[in-house]
Amino acid sequence: MTRPNLRCAVVATTIALVVATCATGPSTTATAAPASRGAELYTRHCAVCHGDAGDADTITAQLLLPRPTAFRLGLFKLVSTQNGMPTDDDLVATLRRGMPGSTMMSWSWLPEEDLRALAQEVRRLAARGRAESIFATAQATGRTTTFAAAVAEAERELAPGPAVEVGQPIEVTDQNLAAGERLYAQHCAGCHGSDGRGLPQGADWPTDGTWLWPRDFTAGYLRGDTTWRDLTCRVRAGMPGAHMPPVRLSAAETDSLVSFVKSLIPEEATAHHTQWRRTLRVQRTQTLPARLDDAAWTRLERLRLPLAPLWWRPEAPAELWLTAAHDGTDVVLRLEWADATHDAEAQPTSTISDGAAIQFAAATLDPPLFAMGSPQQPVNVWRWHAFDPKDLAGIADLLSPTHTGLDVPLGAVQPRPRAESLAFEGPASARAATGTGLPLQVATEWAAGRWTATFRRSLRARSDQEVDLTGTTPVLFAFAIWDGRIDHHAGSKAITTWHVLALER
Ligand code: HEC
Ligand code: HEC
């Protein structure tokens, strides 16, 4: 694959841009916009991953693959225009669905006007970033310009052009599919493979600090939707943010190609990975199921939640099954997920075991998903690990070459599973997370490549560090699953977005 030739024109301008943004931009105060609704929402929900200035240079971003988009580069994946710039509708559609197969969740629970305001803010950050590089280039080359003029120029560049043409869905016939398949082999299979499952050699393609490769779109790992219109846009406008070039074909050819691509993607495949916010209704029962495999569990509502691995890999767990019940005094949540290997043994080479955590917060606080709350938005986390890393630290210490206490036999350190209720007030508090002292009963079992775990505690909180489940205010909850086999801190973890826990009275 001769990569540079495959890049579209938009990308060519970016190379200069990346270099240029390294130059110091003008001070932010020069153009500081009054805090708008969009800016406020952005700071609250998005900055943790995309960065305050939209340059995605956050600590969080380093833990994520795909990496959060740096808006300042002005390159987006999901566009419907001839010049590859997203319209507000494109951005709003992305926010509504999220980007399946990444940690970009669906924000569809926000009102439409908030999504519009966020789209504006993304656009503002993109224009500002671009303006800074235009300004820096002008200064470096001795061209006289003002920053306001650079902003105007950036805004012109980023303005969406005319929409790409989208025809009506055509009838699926053998003839159309065969024509589409031929075009696909010619224009697409070089990157996507003849079956759409992606070619591994596409993996060594760096962009803005990210590694990108065409993944298996037949398994639903599409950033965008699979409607006729969406797929036509991907073909005609390309995906500038993924360096996928647009293809110029006649209307009839485009239709056959889209028809063929659509035939490769099963219905509902992307819906499977979309992180919509769901509500779990927790039934009140006379007695709580006593065992992990109690038949009573099968009579309760079972919710499927898609998981997004922080560091994407094809074999990461894709889903979590959830059931819950309460008896007016206690609540039990039952989690089930696939994990091919049972990693509950301490290994000196790994710092993590299999594990699961549930994060809770009062819905009224509307806390950020990723930052583990904030001082104003505390979260309560129930966490279980198949062995406690603190015990493991003891083992590592024993094995270290500087350790002299050879009189302590290795077997004396027995890593034990640990379940604890923790209070967090933001990422900075992670280290000093305090146990809330709440008694939490956790039972787990691994069998035939599957973990089952139940978490049980009283509905009533014992301190304000704990989530109280006796009230009528809805509670948000989100999940994290660790796979101890993956010896990469971020790679071992997969998460869900915030969901709603609604207890039947
Ligand atoms: C947990 C981290 C995280 C948070 C929080 C987050 N994003 Fe993202 N976002 C991502 C990742 C990762 C991608 C890249 C996904 C990909 O390319 O597959 C992304 C991509 C995007 C894109 C690029 C769309 C395109 O067409 O290329 C936009 C726009 C965006 N996010 C907006 C937002 C906004 C607005 C918010 C806040 C409401 C937000 N994001 C919150 C992780 C996050
Ligand atoms: C130069 C390599 C390259 C070529 C050629 C290419 N693609 Fe892609 N394509 C990509 C990459 C990379 C992605 C992955 C984007 C991502 O996951 O972030 C992608 C993603 C896709 C997706 C998923 C869209 C989504 O919403 O995530 C579809 C569908 C697709 N390509 C179709 C096509 C078709 C049809 C053609 C031929 C007309 C084609 N591609 C040609 C590189 C290419």
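Sorting 301-311, 265-275 by average packing, meaning the other beta carbons within 10 Å per residue, from highest down gives 301-311, 265-275. Between residue 313 and residue 189, the FRET efficiency estimated from the beta carbon spacing at R0 = 30 angstrom works out to 0.80. Placing a label point 7 Å from the Cα of residue 441 along the Cα-to-Cβ direction, the residues of segment 303-331 whose backbone N falls under 17 Å of that point are 324-331.
For residue 46, no residue 5 or more places off, or on another chain, has a built amide H under 5 Å of its own. Taking the simple approach of a point 7 Å from Cα along Cα-to-Cβ for both residue 500 and residue 321, what is their distance in nm? Reported label-point gap for residue 500 and residue 321 is 2.5 nm.
To the nearest 0.05, what FRET efficiency results for residue 229 and residue 37 with a Förster distance of 30 Å applied to their C-beta separation?
0.55
Want the number for residue 177 to residue 272: 0.36 nm per residue separation, take away the alpha-carbon distance, what's left?
Stretched out fully, the residue 177 to residue 272 stretch lengthens by 31.6 nm.
Evaluated at q = 0.10, 0.11, 0.13 Å⁻¹, the base-10 log of the normalised Debye intensity for segment 174-268, with identical point scatterers placed on the Cα atoms, takes the values -0.24, -0.29, -0.41.
Between residue 152 and residue 52, how high is the FRET efficiency from 1/(1 + (r/R0)^6) when r is the Cβ-Cβ distance and R₀ = 35 Å? Nearest 0.05. That pair, residue 152 with residue 52, gives E of 0.90.
FYI, it's all coordinate maths here, none of it is from the lab. Bear in mind the structure is a predicted one, so any value in this text is a computation, not a measurement. FYI the Cβ positions are ideal-geometry reconstructions off the backbone, even for glycines, and counts take in every protein chain you see.
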